[in-house]
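Let me begin by presenting the structure, written as structure tokens, before commenting on it.
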């Protein structure tokens, strides 16, 4: 009986510990999420966007959408295909797209963190800010990360963003 109780307690402890150490679901990368991150369904995401965020936010997939406080965090695997897409080309096309649609570009740069190059892009639409990163392509694959927040949540959003980027690791 003591062995059974011990096994139950050990299993529960391991399960609870893993809840606080979640990673995103990706074929390309491992990124550690903050403990307070809550995974959202498509319905929850759309409801939050309609209620809190007025600017259109469309995702190709709703498998990796998280809510941390008042901040949305989204991840999506990206594949290069046959055309060789570099971070510089990705930077140019992203800037062009956002200029065309009237977004206020706050920052657009390529930086290196943990020996990995990242394209970091930040733009504003009204009182909403989108802060994104895309690591350099490896084997024609990468991941896109977006942190969406209101101006009043900027300090918290920056902290989350920096934590996500510094925890990034390629799977292969």
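Filtering 108, 61, 166 for residues that are modelled with pLDDT of 90 or more and closer than 22 Å to residue 30 by Cα leaves a single hit, 166.
Any chance the range 24-39 includes a residue that's under 14 Å from residue 145 (Cβ atoms) and exposed (fewer than 13 other Cβ atoms within 10 Å of the Cβ)? Yes: one or more hits. So if I check each of 125, 84, 43, 141, which one is crowded, with 16+ Cβ neighbours inside 10 Å, out of contact with any helix residue (DSSP H, G or I) (no Cβ under 7 Å at 6 or more places or on another chain) and farther than 20 Å from residue 164 by Cβ? Matching residue, one of 125, 84, 43, 141: 125. When residue 35 is tested against (1) at pLDDT below 85; (2) out of contact with any strand residue (DSSP E or B) (no Cβ under 6 Å at 6 or more places or on another chain), only condition (1) is not met.
Examine the range 157-165 for a residue that is under 17 Å from the mean Cα position of the chain (by Cα), assigned to a strand (DSSP E or B) and touching a residue at least 24 places away in the same chain (Cβ under 8 Å), and state whether such a residue exists. No, the range 157-165 contains no residue that is under 17 Å from the mean Cα position of the chain (by Cα), assigned to a strand (DSSP E or B) and touching a residue at least 24 places away in the same chain (Cβ under 8 Å).
If you go through the range 67-86 and keep only what is under 17 Å from the mean Cα position of the chain (by Cα) and in contact (Cβ under 8 Å) with a residue 40 or more places away in the chain, you end up with 68, 69, 70, 71, 72, 73, 74, 75, 76, 77, 78, 79.
Among the candidates 159, 150, 91, the residue that is surrounded by fewer than 16 Cβ atoms within 10 Å (Cβ to Cβ), modelled with pLDDT of 85 or more, over 15 Å from residue 24 (Cα atoms) and in contact with a strand residue (DSSP E or B) (Cβ under 7 Å, 6 or more places away or on another chain) is uniquely 150.
Residue pairs, Cβ under 9 Å, 6 or more apart or interchain, first in the range 91-103 and more than 18 Å from residue 135 (Cβ to Cβ), second assigned to a helix (DSSP H, G or I). List them. Hits for this filter: 103/97.
Picking from residues in the range 70-81 that are over 20 Å from residue 150 (Cβ atoms) and surrounded by 14 or more Cβ atoms within 10 Å (Cβ to Cβ), the one that is modelled with the lowest pLDDT is 80.
Assessment of the range 134-143 against the conditions (at pLDDT below 85 and within 14 Å of the chain's Cα centre (by Cα)) yields no matching residue. Is it the case that the range 104-119 has a residue that's under 14 Å from the mean Cα position of the chain (by Cα), within 15 Å of residue 144 (Cβ to Cβ) and surrounded by 11 or more Cβ atoms within 10 Å (Cβ to Cβ)? Yes; the residues of the range 104-119 include at least one that is under 14 Å from the mean Cα position of the chain (by Cα), within 15 Å of residue 144 (Cβ to Cβ) and surrounded by 11 or more Cβ atoms within 10 Å (Cβ to Cβ).
Exactly one residue out of 7, 12, 48 is at pLDDT 50 or above, in a helix (DSSP H, G or I) and surrounded by 10 or more Cβ atoms within 10 Å (Cβ to Cβ): that is 48.
The values are calculated or read from the model by the stated rules, or taken from the named source; none is laboratory data. Worth saying up front: this structure is predicted, and the values here are computed from it rather than measured. Note that each Cβ is placed from the backbone with ideal geometry, even for glycine, and that neighbours are counted across all protein chains shown.
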